[in-house]
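What follows draws every value from the coordinates through simple rules; no lab data is involved. If you're wondering where the values come from, they're calculated on a predicted model, not measured in any experiment. Counting neighbours? That spans all protein chains shown, and the Cβs are built from the backbone with ideal geometry, glycine included.
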Amino acid sequence: MRAALLTETGPIGTAPLRVVELPDPAPGFGEMTMEVTACGVCRTDLQIVEGDIAPRVLPVVPGHQAVGRVTAVGDGVQGWSIGDRAGAGWLASTCGACRFCTGGRENLCETARFTGWDRHGGYADRITVAAGFAYPLPVAAGDFDLAPLLCGGIIGYRALNVSGIEPGGRLGLFGFGASALLSIQVALHWECEVYVVTRSEAEQARAMEMGATWAGSSADAVPVRLDAAVTTAPVGSVVVAALASLGRGGIVAVNAIHLDGIPAFDYDLLWQERQLRSVANFTRSDAKAFLDLAAEIPVRTVVDAYPLEEANGALAAVRDGSVRGAAVVTMG
Ligand SMILES: [Zn+2]
Ligand SMILES: [Zn+2]
């Protein structure tokens, strides 16, 4: 099979991914193999390829938003058959026994493994996944449209929940990339007022078209005190700006796996029971809840498709912010 393989990390401009032939994978016990049609491109992939997040194995095939059809099912797998459409996400496996796994917080399992980081991901013709960590996908949507839901969508949904936003509340979205484009649709479905802070004028215009109450470039200009905020911009200062825009008791959910330093700030910004929380990974129940909700709303995606051979270009576009919606690597 063809796969975009990372052997050594480096700046994306040096094209660290190389498309190579690898042996077709075979499923082990409890695993299944999928033929991948599309794999969403996430900022985390870029950070692994460039080394901001150290790869846990090398060489590795990145990609953790894979959509495809089951081609082989290993022993011990129940509920999946050859030909089924399935999605594979970031969470590749958990121990199933620790206090986090048994307490509804498997996203925090200390021995969790992750797709495209601990094991080969979806920038390839085929991927092998633990069957218990694959998701059935809503029938109505196409493969390309579903791929970006599998990370940006699910983690964006978890971030909304971590932020404590309630129906009708005032939500700030700081950064308006692939994940925020999906979470705004959920927030509007919950009849929230959404305030979007992004430096990009194109993103501000898109936010207003989608139904935001307000969009602008500066957190100082947000016209109300927010009940909750989600930050996706990969910049530490944005976290402080979001905190400063909250009313009493508000929560900032930081949706980032890697962030540059957060500048020092006055305790006054945290006083009155404001909270700063990170969002780490997601649970399988987050995934199922979001995929059901996405089908019900229904969530719309805008996709920029890149053939596998242009995976480096897709990641460069994510870094440059030149993707219109979500970038997707396609295997056709
Ligand atoms: Zn991701
Ligand atoms: Zn565990």
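Some points to look at:
- Highest-fluctuation residue, 320, 145, 52 considered, GNM on the chain with Cα pairs under 10 Å: 320
- Considering only 82, 48, 251, the mean-square fluctuation computed in a Gaussian network model of the chain, springs between alpha carbons under 10 angstrom, is largest for 82.
- Over the chain, DSSP H runs of length four or greater, each weighted -39,500 (n - 2.57), average out per residue to a 222 nm ellipticity of -7000 deg cm²/dmol.
- Magnitude of the charge dipole for the chain, about its Cα centre and with charges confined to Cβ atoms of Lys, Arg (+1) and Asp, Glu (-1), is about 400 debye.
- Spatial separation of Cα centroids for segment 242-297 and segment 97-171, in angstrom: 16
- Residue of 141, 221, 314 that the Gaussian network model of the chain assigns the largest fluctuation, springs spanning Cα pairs under 10 Å: 221
- Cβ crowding within 10 Å ranks 32, 1, 208 as 208, 1, 32, fewest other Cβ atoms first.
- Cα shape, segment 1-105, gyration tensor, a/c 1.5 rule: oblate
- Angle between the chain longest axis and helix 152-163 axis [Cα atoms, degrees, rounded to 10]: 40
- Once the Cα atoms are used to define both axes, helix 178-189 deviates from the longest principal axis of the chain by about 60 degrees.
- Compared with the dominant principal axis of the Cα atoms in the chain, helix 311-320 is inclined by about 10°.
- Estimated distance in nm for a label pair at residue 205 and residue 191, the labels positioned 7 Å out from Cα along Cα-to-Cβ: 3.2
- Contour minus Cα-Cα distance for residue 57 and residue 15 (0.36 nm per residue): 13.2 nm
- Relative contact order for the chain, counting Cα pairs under 8 Å that sit 6 or more residues apart, in percent: 19
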